[in-house]
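Undergrad: The structure under discussion is supplied below as structure tokens; questions concerning it will follow.
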Amino acid sequence: MKKYIEHKGIVIDKSSPTQYAVKILQQSACATCHAASLCSASESKEKIIDAFSHDDIPMGTEVTVYGEASMGYKALTWAVIIPLIIVLVALLLTSHYIDSELMSGIIALIMLIPYYGILAMMRKKLQQTFVFYIKP
């Protein structure tokens, strides 16, 4: 059984016969608190997501955007875990050969440039991996 992540959204544009642009409101966990209006920690952001549907959905319709929960784990791996491993390995290797901690840190951070360059080149493939769908 697949688990899904769902958000409510509003269709704002139709890019192709099956692709829609949907505006969702991403809220922090404390945004729903009764004291959120008095607290500066609560926040919410509007995001535009490309989603697919085989149904014909008119603009302005409230929809549910959903995707597999496993996409969240993949995104966490690509955006956080792999860069962390790259920095730690580079830092350990450079600190073994270079006496300056500052230079070791700078080199470790510079090692992220090729990684993010490769991610940018893989953008199309990643867009096919991270796919969202909508239902009315």
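The values are calculated or read from the model by the stated rules, or taken from the named source; none is laboratory data. Just so you know, these numbers come straight off a predicted model, no measurement behind them. Here the Cβ is made from the backbone with ideal geometry for all residues, glycine too, and neighbour counts use every protein chain on show.
Undergrad: Which residue, of Val63, Val87, is in contact with a strand residue (DSSP E or B) (Cβ under 6 Å, 6 or more places away or on another chain), at pLDDT 90 or above and surrounded by 12 or more Cβ atoms within 10 Å (Cβ to Cβ)? Let's see the steps before the verdict.
TA: Working: Val87 fails: in contact with a strand residue (DSSP E or B) (Cβ under 6 Å, 6 or more places away or on another chain).
Matching residue, one of Val63, Val87: Val63.
Undergrad: Another question, if that's okay. Restricting to region 57-104, count the residues that are more than 23 Å from the chain's Cα centre (by Cα) and in contact (Cβ under 8 Å) with a residue 40 or more places away in the chain.
TA: So the answer is 5.
Undergrad: Same structure again: Taking Val80 as the residue in question, decide whether it is under 25 Å from Phe130 (Cα atoms), exposed (fewer than 11 other Cβ atoms within 10 Å of the Cβ) and β-branched (Val, Ile, Thr).
TA: yes
Undergrad: Hey, Met1 hits all of (1) at pLDDT below 85; (2) touching a strand residue (DSSP E or B) at 6+ places or on another chain (Cβ under 6 Å) but one; which does it fall short on?
TA: With respect to (1) at pLDDT below 85; (2) touching a strand residue (DSSP E or B) at 6+ places or on another chain (Cβ under 6 Å), Met1 is out only on (2).
Undergrad: OK, next. Which residues, taken from region 105-135, are more than 17 Å from the chain's Cα centre (by Cα), among the aliphatic types (A, V, I, L, M) and closer than 30 Å to Gly60 by Cβ?
TA: Ile134
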